[in-house]
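Engineer: Sending over a structure as structure tokens; questions will come in a sec.
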Amino acid sequence: SACFAVLPAAGSGSRFGAQHAKQYALLDGQTVMAHTVQRLLSVPEITDIAVVLAAHDQLAERVIAGLPVCRVIGGAERMDSVLAGLLALTDAHDDDWVLVHDIARPLVRPDDIRRLLTACADDPVGGLLAHAVRDTIKRTQPVAQGQVADSRCVAQTIPRDELMHALTPQLFRYGLLRDALLAARADGVVVTDEAAAMERLGHSPRLVTGARDNLKITYADDLALAEFYLAQQRA
Ligand code: CTP
Ligand code: MG
């Protein structure tokens with residue numbers, strides 16, 4: 001079965017807090033978007049790539065001009081953008097694969113993408129890259145309205161060996177993912193990753209360990225960390 005890719009890039013980067021969305025920040029002289037697209041393009045198993053953009057985006061054209069990717073207009077939530085990308089892939093069949101990868105993760109290793117593809121090859125559903133949690137994680141007691149974050153109390157400690165950070169790419173059968181996102185939308189549920197949409201329907205996506213340097217640029221200081229990881233990857 002063929003492998004397609006959807007790169008959601010229609011976010012505004014409000015937490016990053018720059019004039020332009022974070023996918024246009026420069027990482028070693030190139031936009032975050034350019035890094036991410038190039039890494040996906042370097043995986044030969046991927047046949048078609050859809051980049052999902054905000055309707056008013058005026059910067060993408062210069063970044064992806066001449067690259068073999070198609071452009072799609074996204075929606076209000078990440079899940080709306082991913083669904084728009086999926087529906088634009090009109091050549092995809094239900095049992096083909098689709099990789100969904102945040103445009104804001106420019107350091108994904110092509111080798112990790114291929115390990116994900118290999119690990120899921122015989123799976124009816126799919127899976128995602130993830131890495132083990134290092135810190136002990138506490139569940140908090142419900143936050144009362146108006147309560148400041150620093151006044152919360154612990155409700156529970158979650159056994160650390162049960163926890164992993166969900167990364168992207170996330171890889172699913174095209175038809176299952178499309179239907180799972182349509183179902184979430186119909187139910188009024190906002191999922192923050194593709195796996196959560198699949199889990200709602202009772203599927204158990206595979207967790208494939210990926211490198212920790214596949215960070216998502218979220219806040220401005222993540223860019224400095226990405227510069228460091230990029231230099232380390234090249235060393
Ligand atoms: N994304 C998208 N469409 C949306 C929201 C997000 O395509 N409506 C994309 C972002 O461009 C990003 C990825 O989903 O590549 C992960 O989202 P996030 O890190 O939350 O990015 P932003 O939504 O842009 O940032 P923020 O939440 O700080 O505004
Ligand atoms: Mg967001």
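Throughout, read-outs are computed from the coordinates displayed, never taken from laboratory work. Just so you know, these numbers come straight off a predicted model, no measurement behind them. Please note: Cβ atoms are built from the backbone with ideal geometry, for glycine as well, and neighbour counts cover all protein chains shown.
Engineer: Between ALA186 and GLN30, what is 0.36 nm times their sequence separation minus the Cα-Cα distance? Round to one decimal in nm. Before the final figure, lay out each step's value.
Structural biologist: Details: separation 156, 0.36 × 156 = 56.16 nm, distance 3.89 nm.
Residue separation times 0.36 nm, minus the Cα-Cα distance, leaves 52.3 nm.
Engineer: Quickly rank 167-177, 28-38, 198-208 as a protection proxy: mean count of other C-beta atoms within 10 Å, highest first.
Structural biologist: On the way: 167-177: 24.9, 28-38: 18.8, 198-208: 15.8.
Per-residue mean Cβ counts within 10 Å order the peptides as 167-177, 28-38, 198-208.
Engineer: Can you compute the modelled spin-label distance between ALA132 and ALA18, with each label point 7 Å from Cα toward Cβ, in nm?
Structural biologist: 3.4
Engineer: What is the percent of Cα-Cα separations in region 69-128 that go past 13 Å? If you can, show how the numbers build up before the last one.
Structural biologist: Values: 1228 of 1770 pairs.
It works out to 69 percent of all Cα pairs.
Engineer: Right, next: Using a/c under 1.5 as the rounded threshold, could you call the chain rounded, prolate or oblate? The axes a ≥ b ≥ c are square roots of the C-alpha gyration tensor eigenvalues, and prolate needs a/b larger than b/c, oblate otherwise.
Structural biologist: On the way: a/c = 1.38, a/b = 1.16, b/c = 1.19.
Rounded, since a/c falls under 1.5.
Engineer: Can you tell me the Rg and Dmax of region 5-105, counting just the alpha carbons, in angstroms?
Structural biologist: 13.0, 41
Engineer: Let's test this: bin the Cα-Cα distances of region 115-194 at 5 Å from zero up to the farthest pair and state each bin's percent.
Structural biologist: Answer for region 115-194: a P(r) of 3, 12, 14, 14, 17, 16, 13, 7, 4, 1 percent.
Engineer: With an 8 Å cut-off on Cα pairs and a minimum separation of 6 or more residues, tell me the relative contact order of the chain in percent.
Structural biologist: 25
Engineer: So what are the radius of gyration and Dmax for the Cα set of region 156-205, in Å?
Structural biologist: 12.5, 38
Engineer: What's the ranking of 148-157, 2-11 by average number of surrounding C-beta atoms within 10 Å, highest first? Don't skip to the answer; put the middle values down first.
Structural biologist: On the way: 148-157: 8.8, 2-11: 25.2.
The most tightly packed comes first, giving 2-11, 148-157.
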